[in-house]
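Data first, discussion second: the structure below is written as structure tokens.
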Amino acid sequence: MVERPRRKAGATALPSATGQASAKAAPAPPSRGELRTAKKVERARRKASTDPADMGRVRQIRRAYELTHEFDRPLPYLMLGALLGPVLVALLVGLLWDHLVYLLVLGLLTGVLLTMLVLVRRAKAATFKRYAGQAGSAEVALQMLPKQWISTPVIAANRSRDVVHRTLGPGGLVLIGEGEPGRVRQLLAGEVRKHERVAYGVTVHTVVMGEGQGQVPLGKLADHIRKLPKTLQPQQVTDVQARLRALDAVRPPVGIPKGPMPTSARQAKGSRQAMRGR
């Protein structure tokens, strides 16, 4: 029987190479000071951000009010009336029929709800007023469609900045034209032929956006599309969308920035550089 060599008393075992590597690779945990600094930086970033995702609920409401008030001066009076109206009615009814406190609380809650509804509706109208008349403004209305609709802005354009947008949903395939009506109808006719080749069996609707006869204003575009009779099921929408991707894959790139066109000189210069690919 072979005896194993005994380790001498007081001898220390050396760590293995694997243990040394893992000890070196393990990062040191951040200190409390570093965590506090990181939180302060993140808090400052969120405070300076204009992205609604970085804002709290109260800040979102305040920001919506500020943007809406720029184009809707009667807004504060309407919101004040929506808040105080139910409270005054509840006060009068409470004085006549008793249960004053209960009715005041109910009137206050109703007033807050009506105030938020007024803000939402006026904010929507102010958004349309802000972008009305700008090329590419139809994208604003398309963003307000339900999630069942899949929108693709600026699928075609010409040198005169007449553009065609597309949206697909339960109501079918819709092409929206913006620009001078005569040129837009020619542009739409060409896009209808292209889309009918790939979306066979699906009705292609065309809409010319504008204020003239036979045109749909920006503020009514989303409602006009939503009211189309439902002809496609969700699986049909998915199938047509796959065919449309194949059509878009063979298109030449559209040399025009997406979204509403800028109005200031500095924004217009940046827009021209974007169109040239700089």
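Descriptive notes on the structure:
- Among Phe128, Phe71, sorting on how many other beta-carbon atoms sit within 10 Å of each Cβ, with the fewest leading, yields Phe71, Phe128.
- Relative contact order (%) - the range 86-223, alpha-carbon pairs under 8 angstrom, separation at least six: 17 percent
- Which of Trp149, Trp97 has the fewest Cβ neighbours within 10 Å, and the rest in rising order: Trp97, Trp149
- Prolate/oblate/rounded label for the range 54-131 (Cα gyration tensor, a/c 1.5): prolate
- Charge tally in the Cβ shell below 14 Å around Glu70, where Lys, Arg are +1 and Asp, Glu are -1, Glu70 excluded: +4
- FRET efficiency, 1/(1 + (r/R0)^6) with R0 30 Å, evaluated for Gln233 and Arg57 via beta carbons: 0.25
Any read-out appearing in this document is the output of simple, stated calculations on the displayed coordinates, not a laboratory observation. Only a predicted model underlies this, so the values are computations on that prediction, with no experimental measurement involved. All Cβ positions, glycine included, derive from the backbone under ideal geometry; neighbour counts span all protein chains shown.
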